[in-house]
Amino acid sequence: MHRYIIRRLIYSLPALVGVSILVFMMVRLVPGDVILAQIGEAGYISESRLQEFRAQLGLDAPFHEQYLRWMGGMLFKFDLGKSLWTGEPVIEEIKRKLPVTAELALMALVISIFLSLPLGIISAVRRDTPLDYFSRMVAISGLSLPDFWLGTLVVVFSAIWFKWLPPIGYLPFFDDPWGNIQQFLLPAVVLGVRLSAVGTRMTRSTMLEVLREDYIRTAWAKGLRERMVIVRHALKNAMIPVITIMGGQLRFLLGGTVIIESIFALPGVGRLTLDSIIKLDYPQTQANVMFAAVVVIALNLIVDLTYSWFDPRIRYE
Amino acid sequence: MQRRIRWFIPPFLVALVLSIALACAPAAQPGPQGGDQQPARTGPDWRSDFEGFVKSLTPNPPADTRPPKRGGTYIYAAAADPPHFDPAGTISWPAHAQWTLGYNRLLAMKTGIKADPYKWELGTDLAKSWTVSPDGKTYTFKMQEGVKWHNKPPLNGRELTSADIKYSYERLKNSPGSPQAATFDEVASIETPDNHTLQITLKSPSVGYLAKLGSLFPYIHAKELVELKGDLKLSLVGTGPFMFENWERGVQVNWKRNPDYWEKGEDGKSLPYLEALIFRIIPDESTRLAAFRTNQVHNGSATGRDTLKAVLESLPDAQVTNSFPEVGIHLSGQLDQQPWSDVRFRRAVSLALNRQKMRDSVWDGLAFLTPSAIPWFFLFDSPEEANKPESLGRYQKWEQDLDQAKKLMAEAGYTNVKLKLYNTPQYGVTFAGMAASSKEDLAKIGIDIEIIETDYTKFYTGMYLQGKWDNVILSHQGNQGIEADDYAYGHLHTGSSRNFWHISSPELDRLTEAQRVEADPKKRRDILRQINTILVDQVYQVWMPKGYSTYTLSQGYVRNFRTNPSTGTGFSFGPNMKYVWLDK
């Protein structure tokens with residue numbers, strides 16, 4: 001198992017290098033000039049002043065030099081660079097924002113599991129009944145409704161109809177648990193609904209396959225109770241594709257938090273990434289994307305490792 | 001069957017119901033609503049005459065003159081964080097609002113409940129008076145006494161001196177990449193004869209120069225703090241009415257009252273009346289309005305009559321203000337490029353536009369037409385006078401005049417002209433609407449417009465402010481300053497770095513130079529009017545209707561909240577917030 005993990009980590013290094021090159025290039029292709037964005041609104045700025053400021057921020061060096069400087073800092077000093085706007089190390093900003101996104105993503109995942117597993121199971125076990133149709137309709141709706149639209153509607157109509165809105169701002173859980181749950185629940189539900197739609201459909205599909213297997217027929221024939229057959233025998237064997245899909249959806253969850261964090265005014269990594277792209281804060285954007293890449297690689301590895309828990313036949317060598 | 005179904009009662013249904021019940025517990029409110037009713041506003045009641053109500057709105061309703069109540073926390077909803085707090089490193093609009101809370105300037109535009117919102121009048125701030133030398137070059141300022149820095153390290157409440165002002169100006173001029181350096185280009189020297197006297201000598205006389213010192217940018221900051229921190233990006237210790245507490249990035253900026261502020265309120269004690277102020281960051285516009293509806297913030301805005309009415313139906317006591325725009329929107333090319341260099345072409349474009357249609361379809365029926373590049377209140381006594389046909393000239397009309405436009409195009413010899421029109425999506429759907437409307441109108445006189453949507457930074461700072469675009473651009477004029485000279489000389493003189501259109505006219509050069517040195521306000525206004533007459537005739541810029549259908553909202557118990565029309569939360573925010581109090 002340890003060798004498998006180490007091998008996987010080594011194999012991920014080329015992917016990370018590729019991501020670093022892509023993000024370094026792409027962020028500089030975004031239209032606009034970060035220097036003008038910072039000081040240009042005063043009106044006309046002389047070319048010499050622009051150059052002076054550019055040199056101060058280290059943006060006058062050739063691109064390859066800037067890239068190597070950044071990579072060198074990251075690999076040998078664990079320094080992801082400093083914000084072009086505040087001058088602060090960008091890692092500090094990620095550390096501040098990470099708990100918000102982590103909590104939001106975790107809650108969304110839990111809600112999606114809470115929704116998708118029961119709906120998927122009901123849909124498969126009660127195939128072609130009103131319950132099945134209802135579950136499938138809920139799943140299709142979840143896939144069809146854009147989360148930014150749903151989030152905006154939730155905000156607008158809760159304010160109009162119920163004269164209520166989650167407390168705006170950020171209340172850390174350990175400072176104010178109640179306030180924290182109020183802030184995160186609605187955005188997590190919005191995100192979780194979409195995630196659960198995929199999970200519901202996949203659960204239904206895999207459960208239908210597994211329920212047709214001979215060993216399940218044998219279990220019924222032996223007179224086992226329904227709960228035993230469904231949960232103990234069928235569900236466990238149906239979970240591997242579901243976990244694969246849900247693990248993949250986590251990547252989209254990281255992206256989905258960008259919009260939801262903006263709508264619900266949560267100061268997470270998603271919003272930080274959006275702001276840093278708009279402000280042309282290259283080091284911050286690069287750091288955020290690299291961080292997301294590392295998280296995705298780690299998540300994929302964790303998902304793969306959980307397979308052996310569901311299927312003891314799977315071994316890692 | 002029943003037994004089978006029972007255990008299938010989805011546990012998630014139970015959890016979902018519980019969650020909704022728990023989550024819908026009332027959120028924290030900034031405080032109870034209500035309080036004594038403020039003095040009744042004049043004008044129609046929105047319930048019985050909504051149109052009349054909308055038309056009667058002003059930016060400065062009568063001030064509440066009852067004794068103010070001290071205390072409370074004002075929560076202001078803002079769309080974006082400031083990038084940082086160093087005046088020598090940015091001039092971003094969100095940063096301005098913060099600076100005005102914590103800093104002062106030597107001079108400042110009159111704002112708040114005591115000011116006429118349509119007059120940009122220079123008033124005192126850290127300077128209590130000034131005199132001018134006979135040659136018009138040297139200004140001697142006497143400073144307010146007893147002004148103290150915030151009682152925080154490293155200043156620890158020491159008294160402000162003239163040396164602090166000199167330091168600030170020199171830092172703003174000389175810091176690498178300072179966006180405010182140009183403000184001090186006209187300054188020959190700054191002297192400090194004593195702790196409460198400052199002398200600024202200009203290279204040549206300029207009646208408009210003082211306004212630059214009261215403009216958006218030159219905030220007075222402290223040497224000790226710069227030496228301690230290296231820069232002021234994350235620190236703010238000033239002399240302003242509020243003291244910076246901390247900045248929770250992406251969440252809010254926290255301020256508390258400066259107990260040692262030098263200006264006194266109506267009750268003889270020091271301003272401000274509020275105990276604290278929170279600048280809460282809410283990026284999404286719908287969420288900001290929702291936060292206002294649910295009393296989580298004290299301010300809001302509603303775009304369009306329908307939204308305004310809906311808000312008032314749910315919050316009948318909400319206060320509403322509105323104002324005419326002070327600077328305009330224009331469609332313009334550069335005078336050293338064909339076909340914009342041809343006055344007949346420019347006049348034809350202006351006549352071909354259906355501004356009534358734009359007003360009704362894009363701006364909800366409420367729009368104002370700027371006569372020229374010089375803000376109207378430097379020229380006219382009221383917006384109504386500014387929009388009379390004789391003020392707008394022969395070539396700027398609300399209604400379309402295709403016959404005249406086609407005649408001019410034929411005279412100029414232009415047929416089947418293809419033009420790019422640069423717009424930016426960051427200006428929103430109204431600009432997209434005006435661009436589309438212009439395209440439709442100009443097609444009728446043989447001009448084929450291709451609309452090119454451009455990123456804002458490239459558009460505004462890379463093209464417009466650099467004076468580098470081909471064909472035509474659709475842009476806000478932008479707040480280029482608070483003095484007529486910033487617009488007259490700034491936009492029109494051949495030698496000005498802000499002459500984005502490359503206008504070169506000996507007559508305009510003569511007049512713009514003359515208004516710079518004319519000390520008599522009436523004579524100066526006459527010169528500005530002569531300039532305006534040339535501008536409306538030559539149509540260097542084609543002016544578009546600019547709407548005023550975004551209404552500023554305030555909770556019913558907030559007293560004396562004002563925003564200056566053109567700057568909103570810009571440089572008038574802090575000076576206005578000094579006078580705000582909460583009636584609860």
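The values are calculated or read from the model by the stated rules, or taken from the named source; none is laboratory data. Small disclaimer: the values here were computed from a predicted structure and weren't measured. All Cβ positions, glycine included, derive from the backbone under ideal geometry; neighbour counts span all protein chains shown. For the accessible areas, the whole protein counts, side chains as well, though only heavy atoms, and no ligand, DNA or RNA atoms are used. Shrake-Rupley method; radii C 1.70, N 1.55, O 1.52, S 1.80 Å.
So the values come out like this:
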quantity	calculated
Complete set of residues in the stretch A:165-210 that are in a loop (DSSP other than H, G, I, E, B), within 11 Å of chain B (Cβ to nearest Cβ) and either farther than 20 Å from A:E261 by Cβ or open to solvent by 20 Å² or more (accessible area, probe 1.4 Å) (or both)	A:Y170, A:L171, A:P172, A:D176
Positions within the stretch B:407-432 being on the phi > 0 side of the Ramachandran plot and either assigned to a helix (DSSP H, G or I) or over 31 Å from the mean Cα position of the chain (by Cα) (or both), in sequence order	B:G413, B:N416
Options B:L277, B:L271: the member that is surrounded by 15 or more Cβ atoms within 10 Å (Cβ to Cβ), within 28 Å of A:L165 (Cα to Cα) and away from chain A (no Cβ under 12 Å)	B:L277
Unmet requirement for B:A302, which otherwise passes all of (1) touching a strand residue (DSSP E or B) at 6+ places or on another chain (Cβ under 6 Å); (2) within 30 Å of B:L421 (Cα to Cα); (3) away from chain A (no Cβ under 14 Å)	(3)
Given (1) more than 13 Å from every other protein chain (Cβ to nearest Cβ); (2) assigned to a helix (DSSP H, G or I); (3) within 24 Å of A:T86 (Cβ to Cβ), number of the condition A:R8 does not satisfy	(3)
Answer residue from the stretch A:145-164, given it is more than 19 Å from A:G270 (Cα to Cα) and outside any helix (DSSP H, G or I) and is farthest from the other protein chains (Cβ to nearest Cβ) among those	A:L145
Selection count where residues are part of a loop (DSSP other than H, G, I, E, B), more than 29 Å from the chain's Cα centre (by Cα) and farther than 22 Å from B:Y261 by Cα, scope the stretch B:111-167	5
From B:L474, B:L465, B:L511, B:L442, residue being closer than 22 Å to B:L210 by Cα and either open to solvent by less than 10 Å² (accessible area, probe 1.4 Å) or within 14 Å of another protein chain (Cβ to nearest Cβ) (or both)	B:L511
Looking only at the stretch A:11-45, and only at residues there that are open to solvent by 60 Å² or more (accessible area, probe 1.4 Å) and at pLDDT 85 or above, the one that is nearest to the other protein chains (Cβ to nearest Cβ)	A:L29
Condition check for A:E65: part of a helix (DSSP H, G or I), open to solvent by 60 Å² or more (accessible area, probe 1.4 Å) and within 18 Å of A:I277 (Cα to Cα)	no
Qualifying residue in the stretch B:517-525 (condition: within 14 Å of chain A (Cβ to nearest Cβ) and acidic (D, E))	no
Any hit, the stretch B:127-147, residues being touching a residue at least 24 places away in the same chain (Cβ under 8 Å), under 15 Å from B:V237 (Cα atoms) and touching an Asp or Glu at 6+ places or on another chain (Cβ under 6 Å)	no
Any hit, the stretch A:121-132, residues being away from chain B (no Cβ under 14 Å), assigned to a loop (DSSP other than H, G, I, E, B) and modelled with pLDDT of 90 or more	yes
Residue identified as out of contact with any helix residue (DSSP H, G or I) (no Cβ under 9 Å at 6 or more places or on another chain), more than 30 Å from A:Q56 (Cβ to Cβ) and not in a loop (DSSP other than H, G, I, E, B) among B:L228, B:L210, B:L277	B:L210
Candidates B:S286, B:S301, filtered to the one that is part of a strand (DSSP E or B), modelled with pLDDT under 95 and open to solvent by 30 Å² or more (accessible area, probe 1.4 Å)	B:S301
Matching entry among B:R346, B:R394 (being buried (at least 19 other Cβ atoms within 10 Å of the Cβ), basic (K, R) and closer than 15 Å to B:V536 by Cβ)	B:R346
Pair list, Cβ < 7 Å and 6+ apart or interchain, from the stretch B:203-221 residues that are under 14 Å from B:S133 (Cβ atoms) to residues that are of a type in the set (G, A, S)	B:K203/B:A188; B:P205/B:G136; B:V207/B:A519
Residue list for the stretch B:501-532, restricted to those being touching a residue at least 60 places away in the same chain (Cβ under 8 Å) and farther than 21 Å from B:E121 by Cβ	B:W501, B:H502, B:I503, B:S504
Residue under evaluation A:S48, criteria (1) at pLDDT 85 or above; (2) loosely packed, with under 14 Cβ neighbours inside 10 Å, criterion not met	(1)
Flag if B:Y209 is farther than 27 Å from B:K264 by Cβ, more than 14 Å from chain A (Cβ to nearest Cβ) and either open to solvent by 10 Å² or more (accessible area, probe 1.4 Å) or polar (S, T, N, Q) (or both)	no
The stretch B:305-320, residues that are assigned to a loop (DSSP other than H, G, I, E, B) and either within 10 Å of chain A (Cβ to nearest Cβ) or under 25 Å from the mean Cα position of the chain (by Cα) (or both)	B:L315, B:A318
The stretch B:229-249: number of residues that are modelled with pLDDT under 95, out of contact with any Phe, Trp or Tyr (no Cβ under 6 Å at 6 or more places or on another chain) and either away from chain A (no Cβ under 14 Å) or open to solvent by less than 20 Å² (accessible area, probe 1.4 Å) (or both)	1
Residue within the stretch B:132-140 that is touching a strand residue (DSSP E or B) at 6+ places or on another chain (Cβ under 9 Å), open to solvent by 40 Å² or more (accessible area, probe 1.4 Å), away from chain A (no Cβ under 14 Å) and of a type outside the set (S, T, Y) present	yes
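Every residue, every condition in (1) surrounded by 19 or more Cβ atoms within 10 Å (Cβ to Cβ); (2) within 14 Å of chain B (Cβ to nearest Cβ); (3) within 21 Å of A:T206 (Cα to Cα), yes or no:
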| position | (1), (2), (3) |
| --- | --- |
| A:K222 | no, no, no |
| A:L235 | yes, yes, yes |
| A:I240 | no, no, yes |
| A:V258 | yes, yes, no |
| A:L272 | yes, yes, no |
| A:I277 | no, yes, no |
| A:V289 | yes, no, no |
| A:L301 | no, no, no |
